[in-house]
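Working notes for the structure below.
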Amino acid sequence: MLRRRPFLASFALLLCLLGVKAAAAGPAARIIVAAPAVPRPIPALLFGYNVVAAGNGLWDHRRGGPDPEAVWYLHRLAPTVLRFPGGSLSDWYLWEDGLGVVSSSPIPPQLTTLTLIQPPWWEGGRRLRFLSRQGGRYGEVVPYAGARGQEIDGLQARKQAYPAGVSLRPEGRDGQPAWYGNEFGSAEFFQLCQQLGAVPILTVNYGSGLDARGRVTPRVSLSQRVKRAAAWVAYANGDPRDQRPLGVDEEGHDWQTVGFWASRRAAAGRPEPWRVRFWEIGNEVYEPQEIGAAPADQYAQDVPVFARTLKEVDPDIQIGAVARLTPTAAGNAAADPWNATLLAQAGAAIDFLAVHLYYPTALLPEAAYQEQTWLAGVMAAASQARRHLQQLRRFLDEQGPAGQRLKIAVTEYGIWPAGSQRAADYANLARALYEADLLMSLAPQAETLGVIAAAAWNLHGQNHTAAIHFDFASHTRRLRPQFLVGEIWRYYRGGTMLSAQVQGPVLQTPQVGNVPSQSQLPQLNVLATVDEAGQATLLVLNRSWQDEAAAEIEFAGQTSLPWARLFTLTAPSLAAHNENAASLLSWQTADPAPQQDRQRVYTFPPRSLTGYRVHLQP
């Protein structure tokens with residue numbers, strides 16, 4: 001309940017600039033902001049992103065670090081969580097291939113047979129990536145004929161000579177997608193997390209492994225998949241002195257000891273453990289199109305084996321299992337109650353459930369994604385995602401393991417116009433406002449829902465969905481609308497949430513894909529915080545795609561504003577995007593009018609996100 005001191009006058013914020021104008025008529029809405037009875041901080045781990053391992057364009061091996069321009073943009077986002085290796089790629093990913101082997105001697109350009117310092121497990125490889133400060137930013141990829149013991153045979157000519165110490169990594173194996181690459185591995189990912197101060201979430205490969213010929217296939221033993229994951233935990237968190245064996249898998253590969261992999265980390269310049277806490281078992285394995293997709297009962301049998309083995313390496317880690325967002329949704333069989341089966345058989349082995357919030361998602365003709373029906377559905381999408389999270393929370397509390405409150409991690413979210421190949425359909429104003437709406441709704445409810453982290457899809461690369469688009473041909477970057485929303489969250493880090501009550505008009509929205517029609521969707525969503533210095537940030541989202549919203553804004557207990565600053569994001573259409581040279585979307589900022597000109601009622605433009613930063617009196 002809001003607590004206000006009745007003897008103190010309230011004041012209103014004048015949002016008369018940048019399309020946020022004083023209303024000519026009476027207010028249709030009222031926003032009341034006050035100090036809460038119990039102070040609650042903004043959950044720190046809601047502001048994350050996925051990092052795709054293959055082809056993300058982040059690393060420059062000539063510098064031995066991330067691209068400087070990329071770093072500048074990433075610091076503007078300041079993500080608190082990074083998930084790796086990203087989505088469906090996780091179940092193709094052989095993390096050990098991202099380590100490679102270091103050469104012990106120089107490699108002249110015409111050398112055809114190369115002897116390595118240790119035998120690689122590269123029988124299925126046919127290309128090598130040479131990574132060094134002397135090579136290109138992503139390294140040189142060179143075909144070879146095959147591997148015998150410690151020797152690489154049939155190596156084709158290189159563009160240049162390489163010195164001793166060059167890192168050699170297999171560049172995709174038989175059975176992996178053609179676009180697969182290993183220029184960005186675990187060492188680079190952990191360094192990026194350290195540089196940005198981000199918490200890592202790792203998704204281990206549940207769906208595939210290597211057969212006897214080195215081909216990537218889902219038809220491999222559970223023991224190989226589990227031991228590969230355990231070796232990754234050892235690399236990230238193990239002690240080089242730990243001689244506990246990881247054992248031999250059913251295919252006959254010896255996974256050495258905990259210390260063997262920890263020593264590889266130390267050799268890469270990190271003697272101390274990375275202490276990665278969150279480990280997710282597979283990605284969307286309930287979907288038939290995923291490599292290694294499994295029915296619920298099989299996955300539920302396998303998860304405890306992963307959990308037990310990984311926690312033997314490091315008992316302090318947290319294990320996450322993939323879940324359906326709707327509690328009663330089936331898996332890849334019509335009568336496959338995914339969540340109920342998972343909880344019944346594996347609930348005691350799980351620390352959190354990983355869910356993905358793609359709203360709306362629908363297979364529609366491409367042109368429909370630019371029409372008003374789809375775009376209106378996007379504006380209602382966060383509300384539907386929140387309802388499903390609430391349903392899942394009730395389900396977990398009723399059917400979860402006794403004495404344990406399972407947590408929820410939103411390890412992917414976004415919109416998904418599944419029938420489109422246009423970047424403008426995946427990255428537009430509607431997408432940006434959905435992400436803002438979702439996080440504005442999650443922040444006050446995260447503790448109640450048990451949501452511990454959230455990571456948007458995705459951070460950086462050439463794909464349609466990246467917040468920072470990177471063109472490999474020109475080495476240029478473009479900031480998409482969701483980046484603009486993402487960068488404002490740094491104003492909220494370390495802040496305490498204020499109570500924000502909204503009374504006002506509601507919207508009617510159509511059914512679009514997995515977002516049902518709604519008749520009582522509040523037009524406005526509000527999030528308010530204050531930091532230790534008394535600086536408050538009020539964020540107001542107008543969900544209407546066509547109507548302004550006149551609102552009276554009231555801060556309980558305040559009589560004047562020492563200073564303030566305004567920023568807003570809007571466009572003539574929800575389909576507006578930044579995919580061409582004439583960028584349509586950017587933040588607009590300005591200082592408000594003088595104190596004596598302030599009024600009580602203000603109008604927020606349609607399809608807009610508006611922020612107001614003000615210094616509150618003690």
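Computed from the coordinates by the stated procedures, all read-outs in this text should not be read as laboratory data. As the structure is a computational prediction, the values presented were derived from the model and not from experiment. Positions of Cβ are backbone-derived with ideal geometry, glycine not excepted, and every protein chain shown enters the neighbour counts.
For each of S517, S167, count neighbouring Cβ atoms within 10 Å of the residue's Cβ, then give the residues from fewest to most.
On the way: S517 13, S167 21.
Sorted ascending by nearby Cβ count, the order is S517, S167.
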Response to the item:
Pseudo-spin-label distance R241 to R613, built 7 Å along Cα→Cβ, given in nm, is 4.8 nm
Item to complete: For the chain, build the charge dipole from Cβ charges (+1 Lys, Arg; -1 Asp, Glu) around the Cα centre, then report which of Q508, F395, V322 sits farthest towards its positive end.
Response: Q508
Worksheet item: If you project the alpha carbons of the range 101-177 onto their three principal axes, what span does each projection cover, largest first, in Å?
Response: 31, 26, 19
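Set the Förster radius R0 to 56 Å, insert the Cβ-Cβ distance between Q588 and W179 as r into 1/(1 + (r/R0)^6), and round the FRET efficiency to 0.05. Don't skip to the answer; put the middle values down first.
On the way: r = 38 Å, r/R0 = 0.68.
Result of the calculation: an efficiency of 0.90.
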Worksheet item: In the range 444-542, with Lys and Arg counted as +1 and Asp and Glu as -1 at Cβ, which of these residues, T529, A456, Q518, has the Cα nearest the positive end of the dipole, that is, farthest along it?
Response: A456
Worksheet entry | Estimated inter-spin distance, E250 and D471, nm [label 7 Å along Cα→Cβ] | 5.0 nm
Worksheet entry | Cα centroid separation - the range 98-142 against the range 347-401, whole Å | 44 Å
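What is the dipole size for the range 101-177, taken about its Cα centre, with +1 at each Lys and Arg Cβ and -1 at each Asp and Glu Cβ, in debye to the nearest 20?
Numbers: 10 positive and 6 negative charges, 61 e Å.
The dipole magnitude comes to about 300 debye.
Report the extension gain between Q390 and R40 in nm, rounded to one decimal, defined as 0.36 nm multiplied by the number of residues separating them, less their alpha carbon distance.
124.0 nm
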Worksheet item: Based on Cα positions only, what radius of gyration and what Dmax would you give for the chain, in angstroms?
Response: 26.0, 86
Worksheet item: Where does each of H460, H253 land when they are ranked from fewest to most other beta-carbon atoms within 10 angstrom?
Response: H253, H460
Worksheet item: Which of the trypsin sites (Lys or Arg not before Pro) across the range 414-511 are loop residues per DSSP, with 15 or fewer other Cβ within 10 Å?
Response: R493
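Under the rule that an exposed site lies in a DSSP loop and has at most 14 other Cβ atoms within 10 Å, name the longest stretch of the chain with no GluC sites (Glu not before Pro) of that kind, not counting the sites themselves. The partial results should precede the final answer.
Details: sites that count: E250, E251, E371, E532.
The reported range is 1-249.
Please work out how much length the chain gains when fully extended from K159 to A145, using 0.36 nm per residue of separation minus the C-alpha to C-alpha distance, in nm with one decimal. All intermediate terms of the calculation are to be shown ahead of the outcome.
Values: separation 14, 0.36 × 14 = 5.04 nm, distance 1.81 nm.
In short, 3.2 nm is gained.
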Fill in: Estimated distance in nm for a label pair at R63 and Q301, the labels positioned 7 Å out from Cα along Cα-to-Cβ
5.0 nm
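Per residue, how much space in cubic angstrom lies within the convex hull of the C-alpha atoms of the range 506-580? Before the final figure, lay out each step's value.
Numbers: hull volume 13.6 nm³, N = 75.
Output value, Cα hull per residue: 181 Å³.
Determine, for R607, R133, the number of other Cβ atoms within 10 Å of each Cβ, and report the residues in order from fewest to most. Kindly include the intermediate steps, with their values, before the conclusion.
Working: R607 25, R133 12.
The most exposed by this proxy come first: R133, R607.
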Practice prompt. For the range 22-125, state which trypsin sites (Lys or Arg not before Pro) are in a DSSP loop and have at most 13 other beta carbons lying within 10 Å of their beta carbon.
Written response: R63
